[in-house]
1. What tally of residues in region 18-66 results from selecting those that are among the hydroxyl-bearing types (Ser, Thr, Tyr) and closer than 15 Å to residue 110 by Cβ?
2. Out of all the residues in region 125-137, is one or more among the aliphatic types (A, V, I, L, M) and in contact with a Leu (Cβ under 9 Å, 6 or more places away or on another chain)?
3. Any chance you could count how many residues in region 7-61 are part of a loop (DSSP other than H, G, I, E, B), closer than 24 Å to residue 194 by Cα and either open to solvent by 60 Å² or more (accessible area, probe 1.4 Å) or in contact with a Leu (Cβ under 9 Å, 6 or more places away or on another chain) (or both)?
4. For region 149-182, name all the residues that are under 15 Å from the mean Cα position of the chain (by Cα) and either of a type in the set (Val, Ile, Thr) or within 16 Å of residue 121 (Cβ to Cβ) (or both).
5. May I ask you to verify whether residue 55 is modelled with pLDDT of 90 or more, of a type outside the set (A, V, I, L, M, F, W, C) and either touching a helix residue (DSSP H, G or I) at 6+ places or on another chain (Cβ under 8 Å) or closer than 26 Å to residue 186 by Cα (or both)?
Amino acid sequence: MNCKVYSTEGKELRTVSLDDSVFGLPFNEALIWYAINNELANKRQGNASTKGRGEVNGSNAKPYKQKGTGRARRGDKKSPLLVGGGTIFGPKPRDYSYSMPRKAKRKAMKTILSLKVQSETLKVIEDFTIESGKTKDLATLLKNFNPGTRTVLILKDDDSMLKRAAANIPWLSYLSYNRLRAHDLFYGRQVLMLETAATKLNDFYGMEPKEAAK
């Protein structure tokens, strides 16, 4: 398929060819859900911790004798039924991360890219950089592309100055073409992709998983 390429002023320049095997897949809700939840699970710290009955401070002695007080039978003060006692089945530090099959993850990314193309929320723009690294210069450039909307910028390489300029714009996130994140990509209201990044995505996701990992 062909997609329009826009200048940094928002004007149409030419068209670029997008691989149908990368940008023309049908919507797959289950696969996208799987990829997003995998990313969120891998980001969890899992450091929540509570003390059980055997870990809280307190005496093991009964607070009063078993018989003759007219009160209910009571164990020690560390009982989960008392204030300050242990927690029943409380959370403990754990690892929430798990691995997702490489083929499934790659297909999920291609499905999201296809969804953005089909919904016309993906725009290919000519290559640019911010040599000054200033947020003001990048914000001025993005005024031609619906600023304020949750936007994802797909880069063609590791452009440190462009990343530096984008770091202070709250509604903008940036991704390298070979390190996409399903969560950011799916929930972005618009996706701006550099022209060279589009060409590289054709090659990166069009090849076999073993070749892409090299």
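1. Applying the first criterion (among the hydroxyl-bearing types (Ser, Thr, Tyr)) to region 18-66 yields 21, 34, 49-50, 59, 64.
Now drop any that are not closer than 15 Å to residue 110 by Cβ, which leaves 21, 34.
So the answer is 2.
2. Among the residues of region 125-137, at least one is among the aliphatic types (A, V, I, L, M) and in contact with a Leu (Cβ under 9 Å, 6 or more places away or on another chain), which makes the answer yes.
3. First, the residues of region 7-61 that are part of a loop (DSSP other than H, G, I, E, B): 7-11, 18-19, 24-28, 44-61.
Keeping just the survivors that are closer than 24 Å to residue 194 by Cα gives 7-11, 18-19, 24-27.
From what is left, the residues that are either open to solvent by 60 Å² or more (accessible area, probe 1.4 Å) or in contact with a Leu (Cβ under 9 Å, 6 or more places away or on another chain) (or both) are 7-9, 11, 18-19, 24-27.
Result for region 7-61: 10.
4. Across region 149-182, the qualifying residues are 150, 151, 152, 153, 154, 171, 172, 173, 175, 180, 182.
5. Values: modelled with pLDDT of 90 or more: yes; of a type outside the set (A, V, I, L, M, F, W, C): yes; either touching a helix residue (DSSP H, G or I) at 6+ places or on another chain (Cβ under 8 Å) or closer than 26 Å to residue 186 by Cα (or both): no.
It is false that residue 55 is modelled with pLDDT of 90 or more, of a type outside the set (A, V, I, L, M, F, W, C) and either touching a helix residue (DSSP H, G or I) at 6+ places or on another chain (Cβ under 8 Å) or closer than 26 Å to residue 186 by Cα (or both).
The values are calculated or read from the model by the stated rules, or taken from the named source; none is laboratory data. The structure displayed is predicted, hence computed values, not measured ones. Cβ: placed from backbone, ideal geometry, glycine included. Neighbour counts: every protein chain shown. Note: accessible area is taken over every heavy atom of the protein model, side chains too, but ligands, DNA and RNA are not part of it. Shrake-Rupley method; radii C 1.70, N 1.55, O 1.52, S 1.80 Å.
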